[in-house]
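To keep things clear, I will list the structure first and then write my remarks on it.
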Amino acid sequence: MKVLIVYHAGAMENPRHIYRALAQASDVELTVIVPTRFKVERVYEPSGWLCVEHEENRAGYRLIPVPLRNPYNYWQGFESEPLRRLIKEVRPDIIHVLDEPTSGCLFQVVWQRLAVPPRSKVLFYGFENLPIRLGRRSRLKWKFTWAQIAGGAAANSEALENLKRAGFPRNRLLKRIFWGISTDVFRPLNKLTLKNDLNLDCEHIVGFVGRLVPEKGLRVLLAAMRRLPTTVHCLIIGTGPMRTELELWSGLPDLKGRIHLFDVMPPERLVEYINCMDVLAIPSLTVSHWKEQYGRVTGEAMACGVPVVGSDSGAIPEVIDSAGLIVSEGDVSALAKALHTAIFDRGVREHLKQQGLQRVEQELSVKAMVQRLMDLYRRVLEA
């Protein structure tokens, strides 16, 4: 089975674990197309740029850079000629575009591959869980484009339901497949040793990892911190426009010395800090333009044996399931109570730890994702 993955953020380290696992499948010959240069938020790459200058051939797969039409806006797609040439060269059975079902890249790939016999089966993988609103012209465009697609997957069920309501063909194969967490990287480590090595001199730690923006619920989290014992500190890892505001919060009398801000860091460093946490908070808030789509750090924390407390925004309850505690978004009192329980109730804490490790193994790991992708590929080819 020849598989061609097209992914605008494919040069990041996280998806490379997925490529390696896919390439190890006995009947897969994998090629991955990524941009030569792509502008991203610093929370995903500290430099702000993902760059691949030369073809890489390692770990059983090829990773090939192709220029974007606009490195600042990947929705405009890749340069057409090198993309078409590669599709013709690879002659894939499956082309999996890791992007939304209304993305410019998916549209481009669908129509580029029609010129290259034999026609490959095209799939998508999306995260967006807001309703799909298409104008009259866009509805016609996507009606014809979706008719050429064999199916797809998404990181949450709501994304697939919204797609069906928008007119995606009902006879196409759609599956919810959670994005995979590398359990080679994110795994339980010795908390006491790490806290000493990292100079984290605090008895209890609530953690947050992600973009520092209002919709991530940071104000709710810090308000909840004011209701917790002073032995509880908050470790915030990320970057974004709220950093200055968070520094002001950390100067409040009842929070002084309890809020610790760190910039984004590579996965091999992040896993050490996550292992120092007593609980990870995901207090996201639904806003008009966004709600939580997956929250990869949820699975990363679970894989480290760290309990998770999340709001009910978007996909959080679906991802956590029974392996964490869920509170109503924006409810400071409920969040503080759940964090207190996860930290101080040993029975609940141990239960959540074991449930989280089990959920990662069965649903959120790279291994689980690749098994489900392979099932999707085989079913599409057999259809």
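The values are calculated or read from the model by the stated rules, or taken from the named source; none is laboratory data. All of these numbers come straight from a predicted model, not from anything done at the bench. So basically every Cβ, Gly included, is an ideal-geometry build from the backbone, and we count neighbours across all protein chains shown.
Screening 181, 132 for residues that are touching a residue at least 40 places away in the same chain (Cβ under 8 Å) and among the β-branched types (Val, Ile, Thr) leaves exactly one candidate, 181.
Has the stretch 175-187 got at least one residue that is farther than 18 Å from residue 307 by Cα, part of a strand (DSSP E or B) and not aliphatic (A, V, I, L, M)?
Here is the first cut: in the stretch 175-187, the ones farther than 18 Å from residue 307 by Cα are 175-180, 184.
With part of a strand (DSSP E or B) added as a condition, the list becomes 175-176.
Checking which are not aliphatic (A, V, I, L, M) leaves us with 175-176.
Yes: the stretch 175-187 contains one or more residues that are farther than 18 Å from residue 307 by Cα, part of a strand (DSSP E or B) and not aliphatic (A, V, I, L, M).
For the stretch 51-150, no helices (runs of 4 or more DSSP H) sit wholly inside it while including 2 or more residues that are surrounded by fewer than 18 Cβ atoms within 10 Å (Cβ to Cβ) and outside the structural domain of residue 175 (by TED's automatic domain parsing).
Scanning the stretch 212-255 for residues that are surrounded by fewer than 21 Cβ atoms within 10 Å (Cβ to Cβ), closer than 23 Å to residue 199 by Cα and β-branched (Val, Ile, Thr) yields 230, 231, 239. You will find that of 349, 378, the residue that is at pLDDT 95 or above and out of contact with any helix residue (DSSP H, G or I) (no Cβ under 8 Å at 6 or more places or on another chain) is 378 and no other. Residues in the stretch 318-329 that are surrounded by 18 or more Cβ atoms within 10 Å (Cβ to Cβ) and either not charged (D, E, K, R) or not assigned by TED's automatic domain parsing to the domain that holds residue 293 (or both) were compared, and the one that is nearest to residue 158 (Cα to Cα) is 319. Considering the stretch 151-164, and only residues there that are touching a residue at least 40 places away in the same chain (Cβ under 8 Å) and in a helix (DSSP H, G or I), the residue that is surrounded by the fewest Cβ atoms within 10 Å (Cβ to Cβ) turns out to be 157. Considering the stretch 291-330, the residues that are assigned to a loop (DSSP other than H, G, I, E, B) and under 15 Å from the mean Cα position of the chain (by Cα) include one that is farthest from residue 213 (Cα to Cα), namely 315.
When the residues of the stretch 22-56 are filtered to those that are without any contact (Cβ under 8 Å) to a residue 24 or more places away in the chain and of a type in the set (Ser, Thr, Tyr), which remaining residue is farthest from residue 266 (Cα to Cα)? Walk me through how you get there before you give the answer.
So in the stretch 22-56, the residues without any contact (Cβ under 8 Å) to a residue 24 or more places away in the chain come out as 26, 47-49, 53-56.
Applying the additional criterion that residues be of a type in the set (Ser, Thr, Tyr) yields 26, 47.
On the way: 26: 31, 47: 12 Å.
Ranking the qualifying residues of the stretch 22-56, first place goes to 26.
Return the pairs, sorted by first residue and then second, in which the second residue is part of a helix (DSSP H, G or I) and crowded, with 18+ Cβ neighbours inside 10 Å, the first residue lies in the stretch 334-358 and is outside the structural domain of residue 206 (by TED's automatic domain parsing), the beta carbons are less than 6 Å apart, and the residues are 6+ apart or on different chains. Filtered contacts from the stretch 334-358: no entries. Among the aliphatic types (A, V, I, L, M), over 26 Å from residue 247 (Cβ atoms), surrounded by fewer than 24 Cβ atoms within 10 Å (Cβ to Cβ) and touching a Leu at 6+ places or on another chain (Cβ under 8 Å): does that describe residue 261? Here the answer is no, as residue 261 does not meet what is asked.
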